[in-house]
Amino acid sequence: MIVSINQPGYLPWLGYFHRIAVSDVHIVLDTVQLEKNSFTNRNKVRTSQGWSWLTVPVRTAGKFGTLAIANVEIANDRGWAEKHWATLRMNYGKAPFFFEHAPFFEDVYRRNWTRLHDLTWIITEYLLDWFDIRTPSQFSSKMHAIGKKDELVLNLCREIDADVYLSGPLGRNYLREELFAQQDISVRYHDYQHPTYKQVYPGFEPQMSALDLLFNAGPSSREVLMAPQEQVAL
């Protein structure tokens, strides 16, 4: 059984979804600490000038180092939702499939969210559905595994009887593969080769939020996302 593990993200990029798609089970790592300037609460969208960050402000004053992602609260006094929805409308209004999905996102940005995790997951679920990715997901906050860094990853894999752990490329910097081997778990790395497709503006900007593909490719999104990968899971 191939297991992938990743922190939740706001409007994740294509590689995030591809790794889930090629896994048998995906674990949402929501028990680790929120990191500054991470993709947990921000991501990039295409604009006429190239790209722009969309960042969800969060309440972290005096809490860094003790604040698990599952408990992060949104700073709703900063008017972020209106700005994000306006940015999407302005920059994707001419994308061929934007208006098919606009009602969902308009509703998301009109709702009053308290926890960041709830916001990120409802959007992630929507994208998983439209990309026809049926991999079951579990949340680390609902599991029993403990530990730090690669020990936590290993214990999560052991808890669900994984045979293979499919790590992101940065795992090469900290995973002690011998620990996994001792538990008969193979470690593989997911090196996503980003596809190209027609964007709403001239040229191509890679590593945008997966919304960019959805709004531009619509029903062809899964085909683009799952384009043959020469270096996946080597």
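The values are calculated or read from the model by the stated rules, or taken from the named source; none is laboratory data. Quick caveat: nothing in here was measured; it's all calculated off a predicted structure. Here Cβ is always computed from backbone atoms with ideal geometry, including for glycine, and neighbour counts include all displayed protein chains. Keep in mind that these areas ignore ligands, DNA and RNA; they rest on the heavy atoms of the full protein, side chains included. Shrake-Rupley method; radii C 1.70, N 1.55, O 1.52, S 1.80 Å.
Checking the condition within 23 Å of residue 24 (Cβ to Cβ), surrounded by 14 or more Cβ atoms within 10 Å (Cβ to Cβ) and out of contact with any helix residue (DSSP H, G or I) (no Cβ under 6 Å at 6 or more places or on another chain), which residue from 150, 212 passes?
Testing whether each residue is within 23 Å of residue 24 (Cβ to Cβ), surrounded by 14 or more Cβ atoms within 10 Å (Cβ to Cβ) and out of contact with any helix residue (DSSP H, G or I) (no Cβ under 6 Å at 6 or more places or on another chain) leaves just 150.
Within segment 35-52, count every residue that is open to solvent by 10 Å² or more (accessible area, probe 1.4 Å), part of a loop (DSSP other than H, G, I, E, B) and either β-branched (Val, Ile, Thr) or touching a residue at least 24 places away in the same chain (Cβ under 8 Å) (or both).
5
Go through the residues of segment 168-176 one by one and say whether even a single one is under 22 Å from residue 41 (Cα atoms) and surrounded by 14 or more Cβ atoms within 10 Å (Cβ to Cβ).
yes
Considering only segment 92-114, state which residues are open to solvent by 10 Å² or more (accessible area, probe 1.4 Å), within 12 Å of residue 215 (Cα to Cα) and either touching a Pro at 6+ places or on another chain (Cβ under 6 Å) or touching a residue at least 40 places away in the same chain (Cβ under 8 Å) (or both).
Hits for segment 92-114 are 94, 96, 97, 100.
When you scan segment 117-234 for helices (runs of 4 or more DSSP H) that lie fully inside it, which ones turn up with 1 or more residues that are modelled with pLDDT of 95 or more and in contact with an Asp or Glu (Cβ under 7 Å, 6 or more places away or on another chain)?
In segment 117-234, 177-182, 221-225 are the helices (runs of 4 or more DSSP H) which contain 1 or more residues that are modelled with pLDDT of 95 or more and in contact with an Asp or Glu (Cβ under 7 Å, 6 or more places away or on another chain).
Restricting to segment 1-28, count the residues that are in a strand (DSSP E or B) and under 10 Å from the mean Cα position of the chain (by Cα).
Residues that pass the stated criteria total 3.
Taking residue 60 as the residue in question, decide whether it is surrounded by fewer than 18 Cβ atoms within 10 Å (Cβ to Cβ), of a type in the set (Ser, Thr, Tyr) and farther than 15 Å from residue 30 by Cα.
Taking the combined requirement at face value, the residue satisfies it.
Conditions first: (1) under 14 Å from residue 56 (Cα atoms); (2) open to solvent by 80 Å² or more (accessible area, probe 1.4 Å); (3) not in a loop (DSSP other than H, G, I, E, B). Residue 85 passes all but one, so which condition is the exception?
Condition not satisfied by residue 85: (2).
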